[in-house]
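Encoded as C-alpha coordinates, the structure appears first; notes follow it.
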Amino acid sequence: MIEVIEFFNLGEWAVVVLSVVAIWHWVVKGLVEKWFQNKLDLQKQEVGSALQIQKDIAIRKAEFEKVKLDRVLPLLEDMNSVVSEHKLMNNSYVSWIVNKAGIPEDFEKKRVALDEQLLKSIYSVEIYLPNQIRAVIRQIRKIVSCSWKDPLPIYHLLLEKGTFNSVTDVCNDANDLYGDLINCFYDMCNKYLGVSECEESYSDILNRFNFSNDVNPIDPNPAQSFLWKFILVHEYVSGGEKSEVIMGIERAYKVSENDNSV
(Lines give C-alpha, C1' and ligand atoms only; values in the text may rest on other atoms or scores of the structure.)
Protein backbone atom coordinates (compact mmCIF):
# COMPACT_ATOMS: atom_id res chain seq x y z
CA MET A 1 0.00 0.00 0.00
CA ILE A 2 2.80 2.40 0.89
CA GLU A 3 4.53 1.59 -2.36
CA VAL A 4 1.39 2.50 -4.30
CA ILE A 5 1.11 5.83 -2.49
CA GLU A 6 4.75 6.60 -3.11
CA PHE A 7 4.24 5.73 -6.75
CA PHE A 8 1.33 8.16 -7.09
CA ASN A 9 3.28 10.90 -5.21
CA LEU A 10 6.20 10.44 -7.52
CA GLY A 11 3.83 10.56 -10.43
CA GLU A 12 2.35 13.85 -9.26
CA TRP A 13 5.81 15.32 -8.84
CA ALA A 14 6.71 14.13 -12.27
CA VAL A 15 3.63 15.81 -13.68
CA VAL A 16 4.44 19.02 -11.79
CA VAL A 17 8.03 19.02 -13.02
CA LEU A 18 6.94 18.30 -16.57
CA SER A 19 4.35 21.09 -16.33
CA VAL A 20 6.92 23.55 -15.02
CA VAL A 21 9.37 22.57 -17.76
CA ALA A 22 6.66 22.90 -20.39
CA ILE A 23 5.54 26.28 -19.08
CA TRP A 24 9.14 27.48 -18.93
CA HIS A 25 9.93 26.24 -22.40
CA TRP A 26 6.75 27.32 -24.17
CA VAL A 27 5.72 30.45 -22.19
CA VAL A 28 8.10 31.92 -19.61
CA LYS A 29 11.31 31.39 -21.55
CA GLY A 30 9.92 33.26 -24.55
CA LEU A 31 8.70 36.13 -22.37
CA VAL A 32 12.03 36.38 -20.54
CA GLU A 33 14.01 36.28 -23.77
CA LYS A 34 11.73 38.89 -25.28
CA TRP A 35 12.13 41.09 -22.19
CA PHE A 36 15.92 40.81 -22.31
CA GLN A 37 15.91 41.49 -26.05
CA ASN A 38 13.74 44.58 -25.57
CA LYS A 39 16.02 45.80 -22.78
CA LEU A 40 19.08 45.19 -24.97
CA ASP A 41 17.46 47.04 -27.87
CA LEU A 42 16.59 49.93 -25.56
CA GLN A 43 20.16 50.11 -24.29
CA LYS A 44 21.43 50.07 -27.87
CA GLN A 45 19.07 52.94 -28.72
CA GLU A 46 20.21 54.92 -25.67
CA VAL A 47 23.88 54.39 -26.52
CA GLY A 48 23.19 55.26 -30.14
CA SER A 49 21.33 58.43 -29.14
CA ALA A 50 24.13 59.46 -26.76
CA LEU A 51 26.73 58.88 -29.46
CA GLN A 52 24.66 60.85 -31.96
CA ILE A 53 24.30 63.73 -29.51
CA GLN A 54 28.07 63.75 -28.92
CA LYS A 55 28.62 63.60 -32.66
CA ASP A 56 26.24 66.52 -33.25
CA ILE A 57 27.95 68.54 -30.51
CA ALA A 58 31.37 67.82 -32.00
CA ILE A 59 30.14 68.81 -35.46
CA ARG A 60 28.59 72.05 -34.19
CA LYS A 61 31.75 72.84 -32.24
CA ALA A 62 33.89 72.21 -35.30
CA GLU A 63 31.56 74.36 -37.40
CA PHE A 64 31.75 77.19 -34.88
CA GLU A 65 35.54 76.94 -34.75
CA LYS A 66 35.47 77.38 -38.52
CA VAL A 67 33.19 80.42 -38.09
CA LYS A 68 35.71 81.85 -35.62
CA LEU A 69 38.54 81.44 -38.12
CA ASP A 70 36.66 82.55 -41.22
CA ARG A 71 34.47 85.35 -39.85
CA VAL A 72 35.39 86.39 -36.32
CA LEU A 73 39.19 86.38 -36.51
CA PRO A 74 39.41 88.83 -39.47
CA LEU A 75 37.04 91.22 -37.67
CA LEU A 76 39.05 91.00 -34.46
CA GLU A 77 42.20 91.69 -36.47
CA ASP A 78 40.54 94.78 -37.98
CA MET A 79 39.57 95.93 -34.50
CA ASN A 80 43.08 95.35 -33.23
CA SER A 81 44.45 97.45 -36.08
CA VAL A 82 42.16 100.34 -35.12
CA VAL A 83 42.78 100.04 -31.39
CA SER A 84 46.56 99.81 -31.81
CA GLU A 85 46.61 102.93 -33.97
CA HIS A 86 44.39 104.85 -31.56
CA LYS A 87 46.58 103.76 -28.64
CA LEU A 88 49.62 105.23 -30.40
CA MET A 89 47.66 108.45 -30.87
CA ASN A 90 46.78 108.43 -27.18
CA ASN A 91 50.45 107.96 -26.24
CA SER A 92 51.28 111.04 -28.31
CA TYR A 93 48.39 112.95 -26.76
CA VAL A 94 49.47 112.39 -23.12
CA SER A 95 53.03 113.38 -24.04
CA TRP A 96 51.66 116.65 -25.40
CA ILE A 97 49.94 117.27 -22.04
CA VAL A 98 53.26 116.98 -20.19
CA ASN A 99 55.06 119.10 -22.77
CA LYS A 100 52.29 121.72 -23.08
CA ALA A 101 52.02 121.10 -26.81
CA GLY A 102 49.10 121.48 -29.22
CA ILE A 103 47.23 118.97 -31.39
CA PRO A 104 47.99 118.63 -35.13
CA GLU A 105 45.15 119.79 -37.40
CA ASP A 106 44.27 116.34 -38.76
CA PHE A 107 44.47 114.54 -35.40
CA GLU A 108 40.74 114.69 -34.63
CA LYS A 109 39.82 113.82 -38.22
CA LYS A 110 41.94 110.69 -38.00
CA ARG A 111 40.23 109.68 -34.75
CA VAL A 112 36.79 110.03 -36.34
CA ALA A 113 37.85 107.77 -39.21
CA LEU A 114 39.14 105.16 -36.75
CA ASP A 115 35.91 105.33 -34.79
CA GLU A 116 33.84 104.67 -37.91
CA GLN A 117 36.04 101.72 -38.84
CA LEU A 118 35.83 100.27 -35.34
CA LEU A 119 32.05 100.63 -35.24
CA LYS A 120 31.64 98.62 -38.46
CA SER A 121 33.71 95.76 -37.07
CA ILE A 122 31.81 95.79 -33.77
CA TYR A 123 28.43 95.53 -35.49
CA SER A 124 29.66 92.50 -37.45
CA VAL A 125 31.46 90.63 -34.66
CA GLU A 126 29.40 91.15 -31.50
CA ILE A 127 26.89 88.37 -32.21
CA TYR A 128 29.66 85.76 -32.00
CA LEU A 129 31.26 86.94 -28.75
CA PRO A 130 30.65 86.24 -25.04
CA ASN A 131 29.12 89.05 -22.96
CA GLN A 132 32.36 90.01 -21.21
CA ILE A 133 34.29 90.46 -24.46
CA ARG A 134 31.43 92.55 -25.84
CA ALA A 135 31.53 94.73 -22.72
CA VAL A 136 35.29 95.28 -23.08
CA ILE A 137 34.91 96.13 -26.77
CA ARG A 138 32.14 98.63 -26.01
CA GLN A 139 34.34 100.30 -23.40
CA ILE A 140 37.21 100.52 -25.87
CA ARG A 141 34.82 101.98 -28.42
CA LYS A 142 33.78 104.66 -25.88
CA ILE A 143 37.42 105.67 -25.59
CA VAL A 144 37.90 105.82 -29.35
CA SER A 145 34.65 107.79 -29.76
CA CYS A 146 35.72 110.56 -27.34
CA SER A 147 37.13 113.65 -29.05
CA TRP A 148 40.61 114.92 -28.28
CA LYS A 149 40.51 117.89 -25.91
CA ASP A 150 43.11 120.65 -26.06
CA PRO A 151 45.97 119.26 -23.91
CA LEU A 152 47.10 122.67 -22.62
CA PRO A 153 44.02 123.32 -20.39
CA ILE A 154 44.41 119.82 -18.95
CA TYR A 155 48.02 120.59 -18.07
CA HIS A 156 47.08 123.83 -16.32
CA LEU A 157 44.13 122.23 -14.52
CA LEU A 158 46.37 119.52 -13.07
CA LEU A 159 49.06 122.05 -12.20
CA GLU A 160 46.52 124.29 -10.46
CA LYS A 161 44.70 121.58 -8.51
CA GLY A 162 47.71 119.40 -7.79
CA THR A 163 51.38 119.80 -8.57
CA PHE A 164 53.60 119.01 -11.54
CA ASN A 165 53.84 115.50 -10.08
CA SER A 166 50.12 115.08 -10.75
CA VAL A 167 50.75 115.94 -14.41
CA THR A 168 53.48 113.34 -14.81
CA ASP A 169 51.55 110.70 -12.84
CA VAL A 170 48.47 111.08 -15.03
CA CYS A 171 50.62 110.61 -18.12
CA ASN A 172 52.87 107.91 -16.65
CA ASP A 173 52.89 104.42 -18.19
CA ALA A 174 52.46 102.96 -14.70
CA ASN A 175 48.93 104.42 -14.60
CA ASP A 176 48.02 103.55 -18.18
CA LEU A 177 44.49 102.18 -17.80
CA TYR A 178 44.02 102.20 -21.56
CA GLY A 179 46.95 99.84 -21.98
CA ASP A 180 45.55 97.58 -19.25
CA LEU A 181 42.16 97.50 -20.99
CA ILE A 182 43.72 96.57 -24.33
CA ASN A 183 45.82 93.82 -22.74
CA CYS A 184 42.67 92.52 -21.05
CA PHE A 185 41.01 92.45 -24.47
CA TYR A 186 43.94 90.51 -25.93
CA ASP A 187 43.84 87.88 -23.17
CA MET A 188 40.10 87.44 -23.65
CA CYS A 189 40.57 87.02 -27.40
CA ASN A 190 43.29 84.42 -26.83
CA LYS A 191 40.95 82.47 -24.56
CA TYR A 192 38.03 82.77 -26.98
CA LEU A 193 40.05 81.72 -30.02
CA GLY A 194 41.81 78.93 -28.15
CA VAL A 195 45.25 80.43 -28.76
CA SER A 196 46.16 79.86 -25.10
CA GLU A 197 44.93 77.17 -22.70
CA CYS A 198 43.48 79.70 -20.29
CA GLU A 199 41.56 78.20 -17.36
CA GLU A 200 40.49 81.64 -16.09
CA SER A 201 36.94 82.79 -16.67
CA TYR A 202 36.37 86.06 -18.54
CA SER A 203 35.41 87.68 -15.22
CA ASP A 204 38.69 86.45 -13.71
CA ILE A 205 40.60 88.07 -16.57
CA LEU A 206 38.78 91.36 -15.95
CA ASN A 207 39.60 91.23 -12.25
CA ARG A 208 43.24 90.39 -12.95
CA PHE A 209 43.53 93.68 -14.83
CA ASN A 210 41.60 95.48 -12.03
CA PHE A 211 38.41 96.03 -13.97
CA SER A 212 34.91 95.35 -12.67
CA ASN A 213 32.34 93.30 -14.59
CA ASP A 214 30.97 96.56 -16.06
CA VAL A 215 34.55 97.30 -17.23
CA ASN A 216 35.38 100.21 -14.97
CA PRO A 217 38.66 100.52 -13.02
CA ILE A 218 38.60 98.92 -9.58
CA ASP A 219 39.88 101.27 -6.85
CA PRO A 220 41.92 103.56 -9.14
CA ASN A 221 44.39 106.03 -7.63
CA PRO A 222 43.73 109.78 -8.12
CA ALA A 223 45.93 109.99 -11.23
CA GLN A 224 44.18 107.00 -12.81
CA SER A 225 40.76 108.44 -11.97
CA PHE A 226 41.71 111.69 -13.71
CA LEU A 227 43.09 109.84 -16.73
CA TRP A 228 39.94 107.72 -17.01
CA LYS A 229 37.29 110.40 -16.49
CA PHE A 230 38.95 113.51 -17.90
CA ILE A 231 40.78 112.02 -20.87
CA LEU A 232 39.73 108.51 -21.89
CA VAL A 233 35.93 108.55 -21.41
CA HIS A 234 35.36 112.24 -20.65
CA GLU A 235 32.26 112.52 -22.86
CA TYR A 236 30.50 109.82 -20.81
CA VAL A 237 31.18 111.33 -17.38
CA SER A 238 28.95 113.77 -15.49
CA GLY A 239 30.10 117.09 -14.07
CA GLY A 240 29.64 115.77 -10.54
CA GLU A 241 31.97 112.86 -11.17
CA LYS A 242 34.59 115.17 -12.63
CA SER A 243 34.37 117.41 -9.55
CA GLU A 244 35.05 114.37 -7.37
CA VAL A 245 38.10 113.54 -9.47
CA ILE A 246 39.47 117.07 -9.08
CA MET A 247 38.94 116.91 -5.32
CA GLY A 248 40.85 113.62 -5.31
CA ILE A 249 43.78 115.26 -7.12
CA GLU A 250 43.77 118.17 -4.67
CA ARG A 251 43.72 115.91 -1.62
CA ALA A 252 46.42 113.56 -2.91
CA TYR A 253 48.92 116.07 -4.29
CA LYS A 254 48.41 119.11 -2.09
CA VAL A 255 48.76 116.92 0.98
CA SER A 256 51.89 115.39 -0.52
CA GLU A 257 53.29 118.87 -1.24
CA ASN A 258 52.60 120.01 2.35
CA ASP A 259 54.26 116.87 3.72
CA ASN A 260 57.36 117.53 1.64
CA SER A 261 57.55 121.15 2.77
CA VAL A 262 57.51 120.05 6.41
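Name the one entry in ASP219, ASP214, ASP150, ASP187 that is within 30 Å of LEU73 (Cα to Cα) and free of Cβ contacts under 8 Å to residues at least 60 places away in the same chain. Step by step, each of ASP219, ASP214, ASP150, ASP187 is checked, and only ASP187 is within 30 Å of LEU73 (Cα to Cα) and free of Cβ contacts under 8 Å to residues at least 60 places away in the same chain. Scanning for something of a type in the set (A, V, I, L, M), under 12 Å from the mean Cα position of the chain (by Cα) and crowded, with 21+ Cβ neighbours inside 10 Å, does segment 171-186 turn up at least one residue? No, segment 171-186 contains no residue that is of a type in the set (A, V, I, L, M), under 12 Å from the mean Cα position of the chain (by Cα) and crowded, with 21+ Cβ neighbours inside 10 Å. In the condition set (1) more than 12 Å from the chain's Cα centre (by Cα); (2) polar (S, T, N, Q); (3) within 19 Å of ASN131 (Cα to Cα), SER196 is compliant with all but (3). Would you check if PHE209 is in contact (Cβ under 8 Å) with a residue 60 or more places away in the chain and under 23 Å from SER145 (Cα atoms)? It is false that PHE209 is in contact (Cβ under 8 Å) with a residue 60 or more places away in the chain and under 23 Å from SER145 (Cα atoms). Go through (1) modelled with pLDDT of 95 or more; (2) hydroxyl-bearing (Ser, Thr, Tyr); (3) surrounded by 16 or more Cβ atoms within 10 Å (Cβ to Cβ) for SER92 and report which single condition fails. SER92 satisfies every listed condition except (3). Of all residues in segment 90-120, those satisfying the criterion of being more than 16 Å from SER147 (Cβ to Cβ), assigned to a loop (DSSP other than H, G, I, E, B) and out of contact with any His (no Cβ under 9 Å at 6 or more places or on another chain) are ASN99, ALA101. With respect to LYS55, determine if the residue is closer than 30 Å to ILE205 by Cβ, of a type outside the set (S, T, N, Q) and at pLDDT below 90. No: the conditions fail for LYS55.
In the set (1) at pLDDT 95 or above; (2) in contact with a Pro (Cβ under 8 Å, 6 or more places away or on another chain); (3) of a type outside the set (S, T, N, Q), TYR192 fails one condition alone, (1). Being under 30 Å from GLN132 (Cα atoms), loosely packed, with under 12 Cβ neighbours inside 10 Å and modelled with pLDDT of 95 or more holds for only one residue in ILE231, ILE218, and it is ILE218.
The values are calculated or read from the model by the stated rules, or taken from the named source; none is laboratory data. These figures come from a predicted structure and were not determined experimentally. All Cβ positions, glycine included, derive from the backbone under ideal geometry; neighbour counts span all protein chains shown.
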